[in-house]
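The values are calculated or read from the model by the stated rules, or taken from the named source; none is laboratory data. The structure displayed is predicted, hence computed values, not measured ones. In this analysis, Cβ positions are derived from the backbone assuming ideal geometry, glycine residues included, and neighbour counts consider all displayed protein chains. Ligands, DNA and RNA are excluded from the accessible area calculation, which covers all protein heavy atoms including side chains. Shrake-Rupley method; radii C 1.70, N 1.55, O 1.52, S 1.80 Å.
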Amino acid sequence: MKQLEKNYKRIVIKIGSSLFYSDKKKLDFRVLGSLIEQVAALTQKNTEVVLVSSGAIALGMSVLNLQTRPKKLSYLQAIAAVGQNELMDKYRDLLKEKNMHCAQVLLTWEDFDNRSRYLNAKNTILTLLKLGSIPVINENDTISTEEIKFGDNDRLSALVASLINADLMIILSDVDGLLMKDKKTLVDVVEEISPNIRLMAMPTEKSTSVGGMITKIDAAKIAVDSGITCVIANGRKENIVLDLARGQINGTIFLPKKGYLEAKKRWIAFGSKPKGKVIVDDGAKKALLGRKSLLSVGVIGSEGSFETGEVVSITDKEGNEFARGKSCISYRLLDKVKGKRSEKEVLHCDNIVIL
């Protein structure tokens with residue numbers, strides 16, 4: 001057990017689907033009820049809390065008496081539509097018992113990808129917090145395919161935490177945290193998400209997915225790069241949220257970077273989806289890593305149909321993505337000037353993020 005020297009004022013809590021089930025794999029809301037009690041206790045101390053909750057498909061299957069999760073996308077979307085209503089009813093009832101109210105916020109990738117919608121989502125969530133409401137966020141499974149395909153809200157919780165400048169993100173599931181290679185010893189603190197840390201999270205022949213740990217590591221990376229402390233913990237442990245909010249860490253803590261990204265660059269790095277790819281030579285890569293702008297002479301190729309102002313991925317000759325940025329020119333103009341010596345900026349250094 002380690003102690004952190006901070007009182008958190010804005011917390012994003014991701015609640016995994018596994019916490020909606022009992023040990024016998026039957027729907028059971030006792031853990032959720034305990035978590036809501038802890039959320040209520042936090043709000044009484046003027047701590048703002050945002051929930052990112054999975055569970056729509058699980059509840060939809062229960063209502064429709066389905067024993068096996070369908071594979072067909074249209075069925076999954078329909079089940080999610082039924083289950084989302086049930087999910088919000090459960091949150092509403094549990095919070096009402098604590099004289100609190102909640103708000104449903106359904107988001108898609110497009111809400112992050114579009115800068116205007118991104119800022120609108122931010123303002124809506126922050127206003128809900130000012131009004132004393134608990135935002136309950138989920139991906140809009142009915143129209144969005146990506147969350148259903150990957151089956152996880154970890155990334156969404158990290159994007160939300162970055163969006164609203166949270167100072168703590170808690171990922172709750174039925175695992176205690178990141179385990180070392182022996183799959184028995186818990187990693188207490190991660191100061192840097194190195195390749196070795198990612199290897200610990202990868203599935204092995206004896207342990208499949210480790211509770212989806214690799215997606216949680218990816219989410220933690222977004223959080224710490226945004227200056228947010230992230231903890232992966234077991235939501236079934238008694239008073240786990242209150243302990244974490246007090247700085248008592250019982251799980252795996254990922255420490256935030258000191259030189260974290262500013263808000264606009266966080267959106268470029270994590271919130272937007274690249275509309276194309278710009279391939280650069282070794283000299284240009286060195287210049288970019290040195291925080292320089294990208295000139296046309298350093299470009300050896302491009303992919304995709306991107307326009308001026310859209311985010312693109314920047315890769316080296318081997319295809320390794322090492323940066324992202326907002327393009328100063330369209331793909332059509334870039335095709336004409338690439339490799340030519342000129343002062344034409346392809347990407348300005350103020351709009352480039354080194355990954």
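Residue 8: among the aromatic types (Phe, Trp, Tyr) and touching a Cys at 6+ places or on another chain (Cβ under 6 Å), yes or no?
Working: among the aromatic types (Phe, Trp, Tyr): yes; touching a Cys at 6+ places or on another chain (Cβ under 6 Å): no.
For residue 8, the condition - among the aromatic types (Phe, Trp, Tyr) and touching a Cys at 6+ places or on another chain (Cβ under 6 Å) - is not met.
Please work out which residue is farthest from the chain's Cα centre (by Cα), limiting yourself to the stretch 243-283 and to residues that are basic (Lys, Arg) and within 21 Å of residue 111 (Cβ to Cβ).
Going residue by residue through the stretch 243-283, those that are basic (Lys, Arg) are 246, 257-258, 264-266, 273, 275, 277.
Adding the requirement that they be within 21 Å of residue 111 (Cβ to Cβ) leaves 264-266, 273, 275.
Working: 264: 16, 265: 16, 266: 12, 273: 14, 275: 20 Å.
Selected residue: 275.
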Among the residues in the stretch 200-211, are any loosely packed, with under 14 Cβ neighbours inside 10 Å, touching a strand residue (DSSP E or B) at 6+ places or on another chain (Cβ under 9 Å) and touching a residue at least 12 places away in the same chain (Cβ under 8 Å)?
yes
What's the total number of residues in the stretch 70-81 that are more than 23 Å from the chain's Cα centre (by Cα) and crowded, with 22+ Cβ neighbours inside 10 Å?
1
Please tell me if residue 34 is open to solvent by 20 Å² or more (accessible area, probe 1.4 Å), over 17 Å from residue 157 (Cα atoms) and modelled with pLDDT under 95.
no
Would you be able to say whether some residue in the stretch 336-345 is free of Cβ contacts under 8 Å to residues at least 40 places away in the same chain and within 27 Å of residue 219 (Cβ to Cβ)?
no
Checking residue 149 against (1) modelled with pLDDT of 95 or more; (2) within 25 Å of residue 17 (Cβ to Cβ); (3) among the basic types (Lys, Arg), only one condition comes out false. Which one?
(1)
Looking at the structure I just gave you, is residue 226 open to solvent by less than 20 Å² (accessible area, probe 1.4 Å) and not β-branched (Val, Ile, Thr)?
yes
Residue pairs meeting the criteria (Cβ under 7 Å; at least 6 apart or on separate chains; first within 14 Å of residue 303 (Cβ to Cβ) and open to solvent by 50 Å² or more (accessible area, probe 1.4 Å), in the stretch 324-335; second outside any strand (DSSP E or B) and among the hydrophobic types (A, V, I, L, M, F, W, C)):
331/306
Between residues in the stretch 280-303 that are free of Cβ contacts under 8 Å to residues at least 12 places away in the same chain and within 16 Å of residue 326 (Cα to Cα) and residues that are small (Gly, Ala, Ser) and open to solvent by less than 10 Å² (accessible area, probe 1.4 Å), which pairs lie under 7 Å by C-beta distance while being six or more apart or on different chains?
none
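Could you list, in sequence order, the residues of the stretch 113-142 that are under 27 Å from residue 37 (Cα atoms) and among the charged types (D, E, K, R)? Lay out the reasoning, then the answer.
Step one: filter the stretch 113-142 for residues under 27 Å from residue 37 (Cα atoms), giving 121-140.
Correct list: 122, 130, 139.
Sort out for me the helices (runs of 4 or more DSSP H) sitting completely within the stretch 90-198 that have 3 or more residues that are open to solvent by less than 10 Å² (accessible area, probe 1.4 Å). Steps first, please.
Details: elements: 109-113, 115-130, 146-150, 154-163.
Answer list for the stretch 90-198: 154-163.
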I'm checking my understanding of the structure. Among residues of the stretch 336-355 that are open to solvent by less than 90 Å² (accessible area, probe 1.4 Å) and basic (Lys, Arg), which one is modelled with the lowest pLDDT?
344
Here, strands (runs of 3 or more DSSP E) confined to the stretch 231-317 with at least 2 residues that are surrounded by fewer than 17 Cβ atoms within 10 Å (Cβ to Cβ) are 299-303
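So, residue 52, is that one outside any helix (DSSP H, G or I) and surrounded by 20 or more Cβ atoms within 10 Å (Cβ to Cβ) or not?
Values: outside any helix (DSSP H, G or I): yes; surrounded by 20 or more Cβ atoms within 10 Å (Cβ to Cβ): yes.
For residue 52, the condition - outside any helix (DSSP H, G or I) and surrounded by 20 or more Cβ atoms within 10 Å (Cβ to Cβ) - is met.
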Which numbered condition residue 84 misses (of (1) within 16 Å of residue 36 (Cα to Cα); (2) surrounded by 17 or more Cβ atoms within 10 Å (Cβ to Cβ)):
(1)
Tell me the residue from 79, 13, 57 that is in contact with a strand residue (DSSP E or B) (Cβ under 8 Å, 6 or more places away or on another chain) and not in a loop (DSSP other than H, G, I, E, B), please.
13
